[in-house]
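Heads up: the structure comes next, in C-alpha cells.
The values are calculated or read from the model by the stated rules, or taken from the named source; none is laboratory data. None of these values were measured; they are calculated from a predicted model. No Cβ is skipped: glycine too gets one built from the backbone with ideal geometry, and neighbour counts run over all protein chains shown.
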C-alpha cells in the first residue's frame with residue numbers, strides 16, 4: 001500500500017488510490033472511485049463510487065464528493081463544501097440513473113461551505129468564494145461569490161484577484177505571471 005489511511009478510515013475494495021495520498025479520520029472511500037497521487041482527504045469525507053480526483057487534490061474536512069463529480073489536478077475543495085448529483089431529489093423516487101455530472105478544472109478552488117449544483121462545471125483556476133451557490137458554469141480564472149453566485153472578477157493561478165489595465169493586461173503580484181482579458185475570457189500569456 002503506497003498511500004496512508006488512518007485506522008478509522010474505511011477504504012472499500014476496488015478503489016484506485018495513488019501514491020503518497022493521505023486519508024484521514026472517519027473518511028469513507030467507496031468502491032469504484034479513483035484518487036490520484038499526493039492527495040489529502042480530510043476528516044469525515046466521503047468519496048462516492050465513480051468519482052475521479054486528479055493528482056494533488058486537497059479535500060478538506062466534512063466534504064461529500066458524490067458520483068458524477070470529477071476533479072482535475074491541483075483542485076482545492078474547502079471545508080464543508082457541498083456537491084449535488086440529482087437536480088430534483090425525492091426520498092421516495094429512485095433517480096440513480098439520473099445523476100448529472102460536474103467537472104472541476106485544474107487548479108480550481110471551491111471555498112468553505114460553497115454549494116455546487118450538479119450539471120455545472122468549474123473552469124481551470126476558477127475561484128468559488130466561501131458560501132457561494134453555483135447555479136451555472138464558471139469560466140476559467142473566474143471569481144464568483146454569493147447566492148446565487150455571480151462573477152465579480154478574475155483570479156490568477158496563484159489565487160490573487162487580477163486588475164486589468166485599459167489594454168486588458170494584468171500581472172499576478174505573487175508570481176509575476178502575465179494575463180490577457182480578451183472577449184470576456186482570460187488567458188495566461190507567460
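Does the range 93-100 contain at least one residue that is in contact with a strand residue (DSSP E or B) (Cβ under 9 Å, 6 or more places away or on another chain) and either crowded, with 19+ Cβ neighbours inside 10 Å or under 29 Å from residue 141 (Cα atoms) (or both)?
No; the residues of the range 93-100 include none that is in contact with a strand residue (DSSP E or B) (Cβ under 9 Å, 6 or more places away or on another chain) and either crowded, with 19+ Cβ neighbours inside 10 Å or under 29 Å from residue 141 (Cα atoms) (or both).
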Any residue at all in the range 50-57 that is within 19 Å of residue 122 (Cβ to Cβ), more than 17 Å from the chain's Cα centre (by Cα) and part of a loop (DSSP other than H, G, I, E, B)?
no
Flagged pairs (Cβ under 9 angstrom, 6 or more apart or on separate chains; first in the range 161-178, at negative phi and surrounded by 13 or more Cβ atoms within 10 Å (Cβ to Cβ); second modelled with pLDDT under 95 and in a loop (DSSP other than H, G, I, E, B)) are 177/190; 178/190
Can you say whether residue 70 is touching a residue at least 12 places away in the same chain (Cβ under 8 Å) and assigned to a strand (DSSP E or B), as far as the supplied structure shows?
yes
I'd like to check something: does the range 89-97 contain any residue that is more than 21 Å from residue 133 (Cβ to Cβ) and either assigned to a helix (DSSP H, G or I) or touching a residue at least 60 places away in the same chain (Cβ under 8 Å) (or both)?
yes
Which residue, of 175, 190, is modelled with pLDDT under 95 and farther than 23 Å from residue 83 by Cα?
190
